[in-house]
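Q: Just passing along the structure, written as structure tokens.
Quick note: the coordinates plus some simple rules give every number you see, no bench work behind them. All figures in this text were calculated on a predicted structure; none of them were measured in a lab. Every residue, glycine as well, gets a Cβ built from its backbone with ideal geometry; the counts of neighbours run over all protein chains shown.
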Amino acid sequence: MWDYTDKVRDHFFNPRNVGEIENPDGVGEVGSLACGDALKLTFKLDKAGRIADAKFKTFGCASAIASSSVLTELIKGKTLDDAMNVTNKDIAEYLGGLPEQKMHCSVMGREALEAAIENYRSGSTAKHELEGRVVCTCFGVTDREIERVIAENNLTTVEQVTNYCKAGGGCGGCHGEIEKIIERVQGQKVEQPMVPAPPQGKKLTNIQKIHLVQQTINEQVRPALRAHGGNIELIDVVGDKVIVAFRGMCAQCHLAEFTMRDVVESKLREFVSEDLYVEEDKDSVEEGHVHKG
Ligand code: FES
């Protein structure tokens, strides 16, 4: 018997926003009946672009239903950009926690939301899948998806990965590869080379500052972005403003704003100067590439 919180029980026995919106603005479907969990999320926007209504239909266990119910509550009233910031951790925390073996239910909620917003923005009705190479053929889970749950939830074992995205929960043939992905993602976290601390009490010269910014980006930021198929380029340093451009996966990533503040800016403040702030240059062209047309 699972040890469910009162909130999980409440949202399971009294799920909010069950059903399907007629003529929705966005539809997201994830999971499959064959895999035991499936979720369809629909939403409608108001004139101001906020989510006026959201409904769900879920096939699955108590955690899946409770997670879907909470998801709809969390996103109502939000703009799409704000809704995109809702994570599987937010869903699980709102529920007062989920059994570890059921964390994949919260991940499914987050994926359905991304699929529905993608559907609204691009009109795409393709089944939502993270890009990458399929590592777990039993559950169709890609390396990117595995990297993401490891990084976002600080996972360290194959069992945890299975709990969060189902990869590895079938024949077990992918366990070795999942272990390598854990080592790669966590290794990049713990084996970061030290960047020398800025001279205490002395103001950096402009040349020292630029050098330290570049070194911090090279050693503290870029490896983490590369693990997700992305990259970053230092464009300029003007006073305390550091201008960067995201490349690869990061250039299209809805989490770019989060990456800029919580990863790039915080590392630069830690290793270079508290006064630095970061801005993204969305118009810059990648070195070696030219604009066409
Ligand atoms: S291939 Fe991953 S469990 Fe079978």
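Q: Computed FRET efficiency, Cβ-Cβ of Asp46 and Asp81, R0 25 Å: what is it to the nearest 0.05?
A: Efficiency, rounded to the nearest 0.05: 0.95.
Q: Add +1 for every Lys or Arg and -1 for every Asp or Glu among the other residues with Cβ under 14 Å from the Cβ of Asn88, and state the total.
A: -3
Q: Next question, about the same structure. Report, by chain and number, residues whose modeled amide H sits under 5 Å from the one on Ile235, excluding near sequence neighbours (fewer than 5 apart, same chain).
A: Amide H to amide H, under 5 Å and 5 or more residues apart or across chains, Ile235 pairs with Ile243, Val244, Ala245.
Q: Report, in listed order, any pair from Lys166/Lys267; Lys78/Lys282; Lys209/Lys282; Lys7/Lys180 with a Cα-Cα distance greater than 29 Å.
A: Lys166/Lys267; Lys7/Lys180
Q: For the pair Ala151/Asn23, report the inter-label distance in nm, with labels modelled 7 Å from Cα in the Cβ direction.
A: According to this spin-label approximation, the distance is 4.0 nm.
Q: Next question, about the same structure. Please report the net charge: other residues with Cβ closer than 10 Å to the Cβ of Glu20, K and R +1, D and E -1.
A: Net of charged neighbours comes to +2.
Q: How far apart, in nanometres, would the label points at His175 and His211 be if each is projected 7 angstrom from Cα along the Cα-to-Cβ direction?
A: 5.0
Q: Take each of the peptides 108-115, 241-248, average the number of other beta-carbon atoms within 10 Å over its residues, and list them starting from the highest.
A: Highest to lowest by the protection proxy: 108-115, 241-248.
Q: Taking H as built 1.01 Å from N, whose amide H comes closer than 5 Å to the amide H of Thr142, not counting residues under 5 places away?
A: Amide H neighbours of Thr142: Val135.
Q: Could you give me the ³J(HN,Hα) list for region 157-173, computed from phi with Karplus coefficients 6.51, -1.76, 1.60 and θ = phi - 60°, whole Hz, x at Gly and Pro?
A: Per residue, the Karplus-derived 3J(HN,Hα) values read 10, 4, 4, 5, 4, 4, 5, 8, 9, 6, 4, x, x, x, 5, x, x Hz.
Q: Please give the length that would be gained between Asp6 and Phe59 if that part of the chain were fully extended, namely 0.36 nm times their separation in residues minus their C-alpha to C-alpha distance (nm, one decimal).
A: 17.0 nm
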